[in-house]
Amino acid sequence: MVMTLTWALLQSLLFLELLSLSVAEDAAVGPVHSLSAASFLQDILHRYGENETLSLPQLQSLLEKLEVGRGDGSHNVSQCLSSSTFFKAHNLTSESVVDAEGLQSFCPTILQQLETGVCRGGAVSKNETAVDGKPSPGEVWGFGVLAVTLINLASLLGIFFAPCVGRPFFRRLLAFFIALSIGTLLSNAVLQLIPEAFGFNPLKDSYVSTSAVVFGGFYLFFFTEKVLKMLLKQKHKHGHSHYTTETGKRDAEEGVTEKLQNGDMDHIIPPPVGSESDLRSHHGDEKAVGSLAVQDLPGQQSSCYWLKGIRYSNIGTLAWMISLSDGLHNFIDGLAIGASFTVSVFQGVSTSIAILCEEFPHELGDFVILLNAGMNIPQALFFNFLSACCCYLGLAFGILAGSHFSSNWIFGLAGGMFLYIALADMFPEMNEVSKEDEEGGRPLTAFLIQNAGLLAGFSIMLLLTTFSGQIQLG
């Protein structure tokens, strides 16, 4: 009997012990089940605000803690937004306060910026005006002025090549530089400027391979056309001349049409002969409507001919047209450079390289034309300097516009200009410069020179765009 009572007592004590442990465990777990979304909001409001609300400066402190809201004010959700853009998106003013419900409405925006990683990067110092990897104003102005100065100095180096214009090696060197300018301008437009105008980033949007296909389409047709022309010309060269009068006339008309399309008026209009007045009038008319190629100038003259110029009674109209158009051209170049440097030092350097490759042959041709239109060397240098100053003016406008407004519009304008200069201006000029080799039985030489320039320009821009994240210049 005693044993039975003892066993019953032990069982009761064990049951009470287990019951007490169960109650203690429930008490420990109980607070976890009492958590809610509101408790997290209350904790944030307590730590960053006061009276369960957040002012805009307090909310901005929270965004800085999360490394969000560090962008440049872009309205593109694929880019890092600025804190002011955050506030405008949620209809907040400087006097607004954010309560728990308002803070909860911010969560999707903050979550999207954190998930995409568009605002990742090092912390920005309070005394540094650069945000999201953008250069400071000092870097923008310093690098911009330096780039424009180097471009202007490099373009003026072409003056020293003027005495060598009539030599074959110079014509081939010029063809290479023109092809190089086509490759860099076209590639800079399709790889950087136009995508930048649409808000794309080469490090995040993976558009580089698609843009490279655009250049590939251009090069494919260029390659095919040149090869077919060489093969057909070789076939006609080894064939027999059994053309009828009508066929010959049709071929001649087609040749004239092709020259007109390429801007080659100097080979269609008979060369000037006769008195000095005839020489003057013929040159003035032909150069006003014809090609501006350097080799169209009289090649039989000595090298000093380029330094003497032609004795006009006054400077021809063509000289003023060239100076004004070159000034406008340089202004837009400076606009593109300034806007590019406001985005990043890398973007500015890439645009400057493309413009540098284009300016060397362009300025050389302009200088020789000014001499041939009646200017002496000091006059030609002075007006070239004035047109170069327009590039500084464009740089200032580009920096101011890119710093205070969206630079996408400037990139779109510059991209269209680069496409036009490369395809409508420089490409016919390249064909004109290479015409002597093509007609002299050396079409393969001209073809290889053109290919080397085009592919070199494209490769430079492609490498700069592909490895932009590893290039740190500023």
Which of the residues that make up region 160-219 are touching a Cys at 6+ places or on another chain (Cβ under 8 Å) and β-branched (Val, Ile, Thr)? Thr184
Can you tell which of Gly394, Gly416 is more than 27 Å from Leu81 (Cβ to Cβ) and either surrounded by fewer than 17 Cβ atoms within 10 Å (Cβ to Cβ) or not assigned by TED's automatic domain parsing to the domain that holds Leu185 (or both)? Gly416
Within the set of pairs 6+ apart or on separate chains, which have a first residue in region 420-437 that is assigned by TED's automatic domain parsing to the domain that holds Glu358 and on the phi < 0 side of the Ramachandran plot, a second that is in a helix (DSSP H, G or I) and surrounded by fewer than 17 Cβ atoms within 10 Å (Cβ to Cβ), and C-beta atoms under 7 Å apart? Asp437/Thr445
Pair list, Cβ < 9 Å and 6+ apart or interchain, from region 178-207 residues that are at positive phi to residues that are of a type in the set (S, T, N, Q): Gly199/Ser74; Gly199/Asn76; Gly199/Ser78; Gly199/Gln79; Gly199/Asn408
Condition set in a helix (DSSP H, G or I) and either hydrophobic (A, V, I, L, M, F, W, C) or not assigned by TED's automatic domain parsing to the domain that holds Ala456 (or both), scope region 194-214, selection nearest to Cys80 (Cα to Cα): answer is Ala197
Any chance region 357-372 includes a residue that's surrounded by fewer than 23 Cβ atoms within 10 Å (Cβ to Cβ), of a type in the set (S, T, N, Q) and assigned by TED's automatic domain parsing to the domain that holds Ala339? no
Looking at (1) at pLDDT below 90; (2) surrounded by 16 or more Cβ atoms within 10 Å (Cβ to Cβ); (3) more than 26 Å from Asn384 (Cβ to Cβ), which one does Val190 not meet, given that it meets all the others? (1)
Complete set of residues in region 41-68 that are more than 37 Å from the chain's Cα centre (by Cα) and not in a helix (DSSP H, G or I): Gly49, Glu50, Asn51, Glu52, Thr53, Leu54, Ser55
Could you tell me which numbered condition Ala380 fails, if it satisfies all but one of (1) over 22 Å from Phe346 (Cα atoms); (2) in contact with a Leu (Cβ under 8 Å, 6 or more places away or on another chain); (3) modelled with pLDDT of 80 or more? (3)
Given (1) over 30 Å from Gly217 (Cβ atoms); (2) aromatic (Phe, Trp, Tyr); (3) surrounded by fewer than 19 Cβ atoms within 10 Å (Cβ to Cβ), Phe383 misses just (3)
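The values are calculated or read from the model by the stated rules, or taken from the named source; none is laboratory data. Model, not experiment: these values are computed from the prediction. We place every Cβ from the backbone using ideal geometry, glycine too, and count neighbours over all the protein chains shown.
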